[in-house]
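Encoded as structure tokens, the structure appears first; notes follow it.
The values are calculated or read from the model by the stated rules, or taken from the named source; none is laboratory data. Just so you know, these numbers come straight off a predicted model, no measurement behind them. Cβ sites come from the backbone with ideal geometry, for glycine too, and all protein chains shown count toward neighbours.
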Amino acid sequence: MTKRLAIAAVLFCTVALPMRADFSSLARALDRHQGVKRVWIPFLGLARVAVRIVEPEGVHDFQLATFTGADKVDARELQQMMRTHVGAGFKPLVQVWSRKSNEWSFIYAKPVGDNVELMILAHDDEDTVLVRVSVNADKVAEEIGRHPRRVTNVARR
Amino acid sequence: MRNWILVFALTLAAAIPAAAQPINLDFPGLADRAEEVVDITLDASLLRVAAKFLSGKDADERAVRDMIHGLRGIYVRSYEFAREGEYDRALVDRVKTQLGASWKPLVTVRSKKKENVNIYANMRGEDIIGLVIISAEPREFTVINIDGPVDIERLSSLEGQFGIPNLSKEGSDD
């Protein structure tokens, strides 16, 4: 019974998590592109619940989607896609691409009080990742001040 | 009454700093031809957030934080091309023509084969309230605009940050 309740609670939490229109719209637009396929990551919803509860290193929330086949999409097309679907309040922070190495990163940011929301679409080698992360700038700075080396690990994770 | 309005409008126009006029760094079609593109836009609100990420304990980060305090924006546009001559060098003049009378040339480097560099400072009295760096190489075109009060003594703290190249290192390699 306890196990069932726990499963029900986890499922409820997963369903109840706010689905951000900007992230979903962007992920759908990318997924609809010919040759691009979204890769399902198991237990990601649970990880998101954990992050929202624990808020590790100032991270309040995150959403993540990975894709295959996006390396064939032109960077300019992705830039346009990002611009159209990123949502209100987001501003382009960094837009970098190289046709030579076929790597690109589009980072949009939205300051919300002491927090900053980042929407990142990046491609490196064969991996394409779309991430929305909400972080507390003060806490991250505090973390950098306390454990400068650990922050690199957090960024890699 | 009309004269009063005229005087008021003129006073208002004079009171608005020259830096309030943003420099247009859009170069239509250039990114399509470029092999590598770097486009960084840090306006005042994003700079305030960026400053929070910098720790006050580290001396270098503190210097950067102090430097960006009061800035209205940092804009970087850099385009690298596969071959020489893929961009029109007249783009340099297109940026220059936007600079008003308060902009003074600080550094001018001319080379037929290598890069041409122009650094302009927007002066208000003795103070620098903006900086534009234009670098035109045969295969690379870069424009950096720092909008806001700039302390030249501390400017080096911005090198290597926010997409601004490490100018002193590049210079020492030559």
Q | Among (1) surrounded by fewer than 17 Cβ atoms within 10 Å (Cβ to Cβ); (2) in contact with a strand residue (DSSP E or B) (Cβ under 7 Å, 6 or more places away or on another chain); (3) basic (Lys, Arg), the one test that residue B:124 misses | A | (2)
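So is residue B:12 modelled with pLDDT under 55 and surrounded by 10 or more Cβ atoms within 10 Å (Cβ to Cβ) or not? Even if it seems obvious, please write down each step before you answer.
Working: modelled with pLDDT under 55: yes; surrounded by 10 or more Cβ atoms within 10 Å (Cβ to Cβ): no.
Considered against the rule, which asks whether it is modelled with pLDDT under 55 and surrounded by 10 or more Cβ atoms within 10 Å (Cβ to Cβ), residue B:12 comes out as no.
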(Q) Condition (residue is more than 14 Å from every other protein chain (Cβ to nearest Cβ), crowded, with 16+ Cβ neighbours inside 10 Å and within 18 Å of residue B:30 (Cα to Cα)) applied to region B:107-119: is it met by at least one residue? (A) no
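Quick one: how many residues across region B:56-90 are among the hydrophobic types (A, V, I, L, M, F, W, C) and more than 15 Å from the chain's Cα centre (by Cα)? Please lay out each step first, then the result.
So in region B:56-90, the residues among the hydrophobic types (A, V, I, L, M, F, W, C) come out as B:59, B:63-64, B:67-68, B:71, B:74, B:76, B:81-82, B:90.
If we keep only those that are more than 15 Å from the chain's Cα centre (by Cα) as well, we get B:59, B:63-64, B:81-82, B:90.
Looking only at that region, the number is 6.
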Q) Do you know which residues across region B:33-47 are in a helix (DSSP H, G or I) and modelled with pLDDT of 90 or more? A) B:33
Q) Can you name every residue in region A:78-103 that is in a helix (DSSP H, G or I), away from chain B (no Cβ under 11 Å) and crowded, with 16+ Cβ neighbours inside 10 Å? A) A:78, A:81, A:82, A:85
Q: Could you grab the pairs with beta carbons closer than 7 Å, sequence gap of 6+ or different chains, first residue in region A:60-84 and over 29 Å from residue B:79 (Cβ atoms) and in contact (Cβ under 8 Å) with a residue 60 or more places away in the chain, second one among the aromatic types (Phe, Trp, Tyr) and part of a helix (DSSP H, G or I)?
A: A:63/A:23
Q) How about region B:120-174: which of its residues are within 14 Å of residue B:64 (Cα to Cα), among the aromatic types (Phe, Trp, Tyr) and either at pLDDT 85 or above or within 11 Å of the chain's Cα centre (by Cα) (or both)? A) none
Q. Under the condition of being touching a residue at least 40 places away in the same chain (Cβ under 8 Å) and either more than 24 Å from residue A:101 (Cβ to Cβ) or among the acidic types (Asp, Glu) (or both), which residue from region B:76-93 is surrounded by the most Cβ atoms within 10 Å (Cβ to Cβ)?
A. B:80
Q.
Against the definition (among the polar types (S, T, N, Q) and touching a helix residue (DSSP H, G or I) at 6+ places or on another chain (Cβ under 8 Å)), how does residue A:34 come out, yes or no?
A. no
Q) Can you find a residue in region A:55-70 that is surrounded by 16 or more Cβ atoms within 10 Å (Cβ to Cβ), within 12 Å of chain B (Cβ to nearest Cβ) and over 17 Å from the mean Cα position of the chain (by Cα)? A) no
Q: Looking at (1) away from chain A (no Cβ under 14 Å); (2) touching a strand residue (DSSP E or B) at 6+ places or on another chain (Cβ under 6 Å); (3) in contact (Cβ under 8 Å) with a residue 60 or more places away in the chain, find the lone condition where residue B:63 falls short.
A: (2)
Q. Using beta carbons and a limit of 7 Å, which pairs, at least six apart or on different chains, have the first residue in region A:108-127 and over 22 Å from residue A:74 (Cα atoms) and the second one part of a loop (DSSP other than H, G, I, E, B) and at pLDDT 90 or above?
A. A:109/A:90; A:110/A:90
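Got at least one residue in region A:9-22 being in contact with a strand residue (DSSP E or B) (Cβ under 8 Å, 6 or more places away or on another chain) and modelled with pLDDT of 75 or more?
Here is the first cut: in region A:9-22, the residues in contact with a strand residue (DSSP E or B) (Cβ under 8 Å, 6 or more places away or on another chain) are A:20, A:22.
Filter once more, keeping what is modelled with pLDDT of 75 or more: A:22.
The answer is yes, given that some residue of region A:9-22 is in contact with a strand residue (DSSP E or B) (Cβ under 8 Å, 6 or more places away or on another chain) and modelled with pLDDT of 75 or more.
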(Q) I'd like to check something: does region B:79-92 contain any residue that is part of a strand (DSSP E or B) and facing chain A (nearest Cβ under 9 Å)? (A) yes
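Scan region B:24-60 for residues that are without any contact (Cβ under 8 Å) to a residue 24 or more places away in the chain, at the interface with chain A (Cβ under 9 Å from one of its Cβ atoms) and not hydroxyl-bearing (Ser, Thr, Tyr) and jot them down. If you could, list the steps in order and put the result at the bottom.
First pass over region B:24-60, keeping only residues without any contact (Cβ under 8 Å) to a residue 24 or more places away in the chain: B:26, B:28-29, B:32, B:45-46, B:48-49, B:51-59.
Cutting the leftovers down to at the interface with chain A (Cβ under 9 Å from one of its Cβ atoms) gives us B:32, B:45-46, B:48-49, B:51-58.
Selection gives B:32, B:46, B:48, B:49, B:51, B:52, B:53, B:54, B:56, B:57, B:58.
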